[in-house]
Amino acid sequence: HYDDKLEHSQWLAMIWPRLVLLRELLAEDGSIWVSIDDNEGHYLKVIMDEVFGRRNFVTSFIWQKVDSPNENQSKITPDHEYMHVYGNERAIASFERKADESLLDAYPQRTPDNRRYRDRLLKKNGKASLRADRPSMFFEVAGPDGKPVLPIHDDGREARWSLGKDTVEALVAADALIWKQRERQGQSVWVPYTREYAPQNPVRPHATILLDVKTSRQAKAHQREVLPHVDVFDTVKPEQLLERVFNIATKPGDLVLDSFLGSGTTAAVAHKMGRRWIGIEMGDHAVSHCAPRLRKVIDGEQGGISASLGWQGGGGFAFYRLGEAGFDGGGAIHPG
């Protein structure tokens, strides 16, 4: 949207000094997330490796921007964009995992006091599960009848335990092993299990392919509802995409900067999620799109992520017009 007619070299010259400045503005535990498509995405990755350090590359998320069938005559139509993420070890350590209540389904049993749990074989199964793979994890464990029990696969092969000897001995001492009888080759044998309880707050790692954050079509529909009297911003991002970013990389009260604010999605989501924010936009849509949209947010508009957050409005913002641009036409910083 920002003038795709720029020559490739001009775009690179424009983006480099901006990234250098953004690096200087990052908090020690801050991260930078840059949305980009195929036109410059791979070149941008190389520049960001240079500016932020290749060791600080976290990942590239892929988000689905199109979810409707395309009937034009093109052989291939791209339906995704990227988000390059950079941050140091402190930034990554502060990232949050994704809440996922469906993980509780893996704990189908319940104790009398209604705690969810599952029993897992102490014997290792699958890959690297043989005695030869980890000889030190093949040892006897006394069964409920006092007889020694060894890890043996159903087909008779010598297996291994999934835990080391010291850990198993600690479980035995705490009477924490669960013993069940099973049939093996026509005989009843004792089989040890460990009991695992469901986490109170089930979470999992975030997937890098984002198929559940809405699409450009839905984001444009939301924009038409909020700003019915202005042209739709062509590259508007869904609020759910920015919500995912903030859930991973920020906490309430953190400061978020978007130096290419566009239609104002970053600021709108940050405001609804209780983050402090700064948005910068050189185009006319700072007036036509961003400011009116944020006034609607303050008034409690119910599109995007509002309903899921219980957003009812509130807060405020200051609007400033800056002086002379910091960059010249070639992308260099003005000396003054």
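Observations, loosely collected:
- When residue 188 is tested against (1) within 30 Å of residue 60 (Cα to Cα); (2) at pLDDT below 95; (3) hydroxyl-bearing (Ser, Thr, Tyr), only condition (1) is not met.
- Residues of the range 219-251 classified as over 23 Å from residue 312 (Cβ atoms), open to solvent by 40 Å² or more (accessible area, probe 1.4 Å) and touching a strand residue (DSSP E or B) at 6+ places or on another chain (Cβ under 8 Å), total: 1
- With respect to (1) over 28 Å from residue 66 (Cα atoms); (2) modelled with pLDDT of 95 or more, the lone exception for residue 208 is condition (1).
- Among the residues listed as 181, 185, the single one being free of Cβ contacts under 8 Å to residues at least 60 places away in the same chain, open to solvent by 90 Å² or more (accessible area, probe 1.4 Å) and within 16 Å of residue 120 (Cα to Cα): 181
- Pair list, Cβ under 7 Å, 6 or more apart: the range 148-176 residue touching a residue at least 24 places away in the same chain (Cβ under 8 Å), other residue open to solvent by 60 Å² or more (accessible area, probe 1.4 Å) and hydrophobic (A, V, I, L, M, F, W, C): 149/190
- Which numbered condition residue 336 fails, given (1) on the phi < 0 side of the Ramachandran plot; (2) open to solvent by 40 Å² or more (accessible area, probe 1.4 Å); (3) modelled with pLDDT of 95 or more; (4) of a type in the set (Gly, Ala, Ser): (3)
- Number of residues in the range 284-305 that are under 30 Å from the mean Cα position of the chain (by Cα), open to solvent by less than 50 Å² (accessible area, probe 1.4 Å) and in contact (Cβ under 8 Å) with a residue 40 or more places away in the chain: the value is 8.
- Single residue of the range 252-267 satisfying the filter (touching a residue at least 24 places away in the same chain (Cβ under 8 Å) and in a loop (DSSP other than H, G, I, E, B)) that is most open to solvent (accessible area, probe 1.4 Å): 260
- All strands (runs of 3 or more DSSP E) inside the range 98-198 with 2 or more residues being in contact with a strand residue (DSSP E or B) (Cβ under 9 Å, 6 or more places away or on another chain), of a type in the set (D, E, K, R) and over 30 Å from residue 208 (Cβ atoms): 177-184
- Search result, residues across the range 77-89 that are among the acidic types (Asp, Glu) and assigned to a strand (DSSP E or B): 81
- Qualifying residue in the range 306-322 (condition: buried (at least 17 other Cβ atoms within 10 Å of the Cβ), touching a residue at least 12 places away in the same chain (Cβ under 8 Å) and within 22 Å of the chain's Cα centre (by Cα)): yes
- Just one of the numbered conditions (1) at pLDDT 95 or above; (2) in contact with a helix residue (DSSP H, G or I) (Cβ under 9 Å, 6 or more places away or on another chain) is not true of residue 40: (1).
- The range 64-92 residues that are within 17 Å of residue 213 (Cα to Cα), paired with ones that are open to solvent by 70 Å² or more (accessible area, probe 1.4 Å) and hydroxyl-bearing (Ser, Thr, Tyr) (beta carbon under 6 Å, 6 or more apart): none
- Note on the range 36-76: residues that are open to solvent by 60 Å² or more (accessible area, probe 1.4 Å) and either β-branched (Val, Ile, Thr) or not in a helix (DSSP H, G or I) (or both) total 13.
- The range 188-206, residues that are within 30 Å of residue 99 (Cβ to Cβ) and exposed (fewer than 11 other Cβ atoms within 10 Å of the Cβ): 200, 201, 205
- Some residue of the range 138-154 being closer than 30 Å to residue 246 by Cα, surrounded by 13 or more Cβ atoms within 10 Å (Cβ to Cβ) and not basic (Lys, Arg): no
The values are calculated or read from the model by the stated rules, or taken from the named source; none is laboratory data. Nothing here was measured: the structure is a model prediction, and the numbers come from that model. Reconstructed Cβ throughout: ideal geometry from the backbone, glycine too, with neighbour counts over all protein chains shown. Areas reflect the complete protein model, heavy atoms only, side chains present, ligands, DNA and RNA absent. Shrake-Rupley method; radii C 1.70, N 1.55, O 1.52, S 1.80 Å.
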